[in-house]
Amino acid sequence: MEWVQFGFSALFIFVGLLVFIAGVFGVYQFKFILNRMHSAAMLDTMGLFFISLGCAVANGFNSTSIKILCGTLALFE
């Protein structure tokens, strides 16, 4: 069971890092300012969402992971 938890947390954190890399690439490579703004917004919300979701999964089901998920949901407000 620990390997499944580790696999999911590593997957979410890896996806978050890929989103960060793609967002930074988009901010520096796009010419049009609205494309840059969209890339920066995806970098901020999606990257942080996946990394904090991976941290919550790695922590297990307890009050700390619920606090992490509540903080993550506050990003979308």
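The values are calculated or read from the model by the stated rules, or taken from the named source; none is laboratory data. Remember, predicted model here, so these are calculated numbers, not experimental data. So basically every Cβ, Gly included, is an ideal-geometry build from the backbone, and we count neighbours across all protein chains shown. Side chains are part of the model used for accessible areas, which takes the heavy atoms of the whole protein and leaves out ligands, DNA and RNA. Shrake-Rupley method; radii C 1.70, N 1.55, O 1.52, S 1.80 Å.
Check whether at least one residue in the range 26-41 is in a helix (DSSP H, G or I), in contact with a helix residue (DSSP H, G or I) (Cβ under 6 Å, 6 or more places away or on another chain) and of a type in the set (D, E, K, R), and report yes or no.
The first filter runs over the range 26-41 and keeps only residues in a helix (DSSP H, G or I), leaving 26-29, 33-41.
Now restrict to residues that are in contact with a helix residue (DSSP H, G or I) (Cβ under 6 Å, 6 or more places away or on another chain): 26-27, 36, 39-40.
If we keep only those that are of a type in the set (D, E, K, R) too, we end up with 36.
Yes, the range 26-41 has at least one match.
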Seminar exercise, completed: Taking first residues from the range 63-76 that are within 14 Å of residue 47 (Cα to Cα) and second residues anywhere that are in a helix (DSSP H, G or I) and of a type in the set (Val, Ile, Thr), the pairs with Cβ under 8 Å that are 6 or more apart or on different chains are 75/45; 76/45
Problem set entry | In the range 25-40, the residues that are of a type in the set (Ser, Thr, Tyr) and open to solvent by 60 Å² or more (accessible area, probe 1.4 Å) | 28
Exercise. How many of the residues in the range 49-62 are free of Cβ contacts under 8 Å to residues at least 24 places away in the same chain and either among the aromatic types (Phe, Trp, Tyr) or outside any helix (DSSP H, G or I) (or both)?
Worked result: 2
For this session: Could you tell me which of the residues 46, 42 is under 19 Å from residue 10 (Cα atoms) and free of Cβ contacts under 8 Å to residues at least 40 places away in the same chain?
Result: 46
For this session: Among the residues of the range 43-77, count how many are surrounded by 12 or more Cβ atoms within 10 Å (Cβ to Cβ) and closer than 30 Å to residue 28 by Cα.
Result: 16
For this session: Kindly establish whether residue 14 is among the aromatic types (Phe, Trp, Tyr), closer than 23 Å to residue 69 by Cα and in a helix (DSSP H, G or I).
Result: yes
For this session: Looking only at the range 2-24, count how many residues are open to solvent by 50 Å² or more (accessible area, probe 1.4 Å), of a type in the set (Val, Ile, Thr) and over 11 Å from residue 58 (Cβ atoms).
Result: 3
